[in-house]
Amino acid sequence: MTTSEPSSGPVGNKVPRTERGRQTLRKLLDAAAIEFGEKGFHEASIIGITGRAKTALGTFYTYFDSKDEIFRALVTDLSDRVRSTVGAALTGRADGGALETEREALAAFLRFAGEHKEIYRIIDEAEFVDPASYRSHYESTARRIFERLQAGGRSGELRTDLQEAHAWAIMGMNVFLGLRYSIWSEELPADQVAEVARSILKDGITRPSS
């Protein structure tokens, strides 16, 4: 995984206060993503995580009390990284309108998922290991989509009667497009897949009337 500053992690007196500490935390989270992604929660181990991170076992307990705790931190970290990746893709670009925004947001997500394939297994396992984080991941994602839809309504490009359910429907489409074209196979480029989704939002799937 590409390293970046951890967006979440330990709480209380375990929060790293130095750059070196933050780098170590990042190494542990990245190693945990690989360990959980390859083995699943139940087969993964703290020793496996520290071995991948090339840190001492005692270092793990400087930041986390248990395997459950680092898993919860990892789910939040991955969710935050998706948010920041999509946000960065939408920042500073020319405003192409609401549908182009959704296309670019999906393309950014597809690229992220392709680079971090472990995200699907980890998020799916969170439904049973950490239901609160699992629910928060999807609720926050749908909320951001709904906010963009509302902005499109205010600008006059989209309907003003779009509901939260529309955002969840778009998110569901995006999730399964990611599963098919970022995880199972990358036979189509992210931009091409995102364009299919944009055309569905714009034109639907009914045959144009003659």
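The values are calculated or read from the model by the stated rules, or taken from the named source; none is laboratory data. Please read all numbers here as calculations on a predicted model, not as lab measurements. Cβ placement follows ideal geometry from the backbone for every residue including glycine, while neighbour counts extend to all protein chains displayed.
Please enumerate the residues belonging to segment 180-208 that are touching a residue at least 60 places away in the same chain (Cβ under 8 Å) and closer than 16 Å to A113 by Cβ.
As a first pass, look at segment 180-208 and keep what is touching a residue at least 60 places away in the same chain (Cβ under 8 Å): 181-183, 186, 190-191, 193-195, 197-198, 201-202.
Answer for segment 180-208, where residues must be touching a residue at least 60 places away in the same chain (Cβ under 8 Å) and closer than 16 Å to A113 by Cβ: Y181, S182, I183, E186, A190, D191, V193, A194, A197.
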*asked:* Is it the case, given these coordinates, that S84 is at pLDDT 95 or above, closer than 30 Å to R20 by Cβ, of a type in the set (G, A, S) and surrounded by fewer than 19 Cβ atoms within 10 Å (Cβ to Cβ)?
replied: yes
*What's the number of the condition A167 fails, among (1) of a type in the set (A, V, I, L, M); (2) more than 18 Å from F112 (Cβ to Cβ); (3) in contact (Cβ under 8 Å) with a residue 40 or more places away in the chain?*
(3)
*Taking segment 42-75 only, how many residues are of a type in the set (D, E) and not in a helix (DSSP H, G or I)?*
2
*Would you confirm whether any residue within segment 148-161 is in a helix (DSSP H, G or I) and under 24 Å from T76 (Cα atoms)?*
yes
*Checking E102 against (1) without any contact (Cβ under 8 Å) to a residue 60 or more places away in the chain; (2) touching a helix residue (DSSP H, G or I) at 6+ places or on another chain (Cβ under 9 Å); (3) in a helix (DSSP H, G or I), the condition it does not meet*: (1)
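Evaluate segment 144-151: report whether one residue or more is under 19 Å from the mean Cα position of the chain (by Cα), surrounded by 12 or more Cβ atoms within 10 Å (Cβ to Cβ) and among the polar types (S, T, N, Q). If you could, list the steps in order and put the result at the bottom.
Taking segment 144-151 and keeping what is under 19 Å from the mean Cα position of the chain (by Cα), we get 144-148.
Applying the additional criterion that residues be surrounded by 12 or more Cβ atoms within 10 Å (Cβ to Cβ) yields 144-146, 148.
Adding the requirement that they be among the polar types (S, T, N, Q) leaves none.
Checked against the condition, which is being under 19 Å from the mean Cα position of the chain (by Cα), surrounded by 12 or more Cβ atoms within 10 Å (Cβ to Cβ) and among the polar types (S, T, N, Q), segment 144-151 yields no hits at all.
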